[in-house]
Amino acid sequence: MSTLPLVNLLPESAFERMAARRLRRRFVAAGVVLVLLVGGAWAYQHVRVADADKLVAIEAATTSRLISQTERLQPVRVYVDGVAVQQVTVQAAMADDVQLSEVLEGIRAATPVGAELATVAITVTGHPEPVDPAAPPAADPASACPGPDPFNTRVVVGCVTLSGTAASRAEVGEMVVSLGADGLFVEPFISTTTTGETDEVAFSGSVGLSEKVFSERYAPRQPAGES
């Protein structure tokens with residue numbers, strides 16, 4: 001079977017126009033796809049920005065609410081701070097609070113059956129000043145309460161001076177021993193004893209108070225030498 005020869009009757013310019021149209025269609029399709037991609041990306045970013053705006057609005061509302069609550073509670077904070085300051089002031093003022101009832105009970109317990117106290121006077125000097133280990137040694141201050149050894153005084157925070165009568169000097173010595181055995185007292189010292197016509201012994205003396213007499217109800221006790 002014979003084939004007829006193919007003859008192109010269209011001019012060359014027609015083929016160029018068709019090629020140009022195909023190229024334009026491709027560009028248009030690519031442009032549409034690009035527009036769709038850009039539009040999708042913009043829509044996605046717009047949704048994200050909207051969600052972020054909502055979160056910002058929620059956080060701003062929460063912040064405003066917390067600020068309002070804080071402002072309402074500010075008077076409470078001022079009151080609490082004032083109470084704390086007053087607590088420190090009370091602790092400083094009552095740090096030297098002494099259990100006088102225990103002191104009197106200790107003296108009564110140390111007094112022999114045959115002895116009788118005529119006067120009891122209690123003087124409290126307070127906590128001793130802290131000693132700085134790095135400071136040069138200072139001269140020993142005068143004791144707040146006279147003791148049997150003026151050259152070897154011990155730390156005292158107060159002094160009890162007392163006087164009374166006893167059936168004998170042995171009872172007076174018994175009282176001194178009893179006071180020395182009680183941790184509340186330091187260096188009991190009978191300065192004078194006088195025997196009367198009835199052999200009754202009148203005596204007077206003093207005994208120091210140790211740091212154990214502080215009640216510690218308002219502030220913890222600080223031993224001497226500690227800051």
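See the values below:
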| quantity | calculated |
| --- | --- |
| Residues satisfying the stated conditions in region 12-46, i.e. under 60 Å from the mean Cα position of the chain (by Cα) and hydrophobic (A, V, I, L, M, F, W, C) | Ala41, Trp42, Ala43 |
| Some residue of region 176-183 being in a loop (DSSP other than H, G, I, E, B), in contact with a strand residue (DSSP E or B) (Cβ under 8 Å, 6 or more places away or on another chain) and modelled with pLDDT of 75 or more | no |
| Enumeration of residues in region 186-211 that are out of contact with any helix residue (DSSP H, G or I) (no Cβ under 6 Å at 6 or more places or on another chain) and of a type in the set (Phe, Trp, Tyr) | Phe189 |
| Region 165-180, subset in contact with a helix residue (DSSP H, G or I) (Cβ under 9 Å, 6 or more places away or on another chain) and touching a residue at least 40 places away in the same chain (Cβ under 8 Å), residue most open to solvent (accessible area, probe 1.4 Å) | Glu174 |
| Whichever residue in region 1-40 is open to solvent by less than 90 Å² (accessible area, probe 1.4 Å) and of a type outside the set (A, V, I, L, M, F, W, C) and, among such residues, is modelled with the lowest pLDDT | Pro11 |
| Residue selected from region 105-147 under the condition surrounded by 12 or more Cβ atoms within 10 Å (Cβ to Cβ), modelled with pLDDT under 90 and of a type in the set (Val, Ile, Thr), by the criterion nearest to Val201 (Cα to Cα) | Ile122 |
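The values are calculated or read from the model by the stated rules, or taken from the named source; none is laboratory data. Bear in mind that the values here come from a model prediction, so they are computed numbers and not experimental data. When we count neighbours, we look across all protein chains shown, and the Cβ atoms used for this are built from the backbone with ideal geometry, even at glycine. Keep in mind that these areas ignore ligands, DNA and RNA; they rest on the heavy atoms of the full protein, side chains included. Shrake-Rupley method; radii C 1.70, N 1.55, O 1.52, S 1.80 Å.
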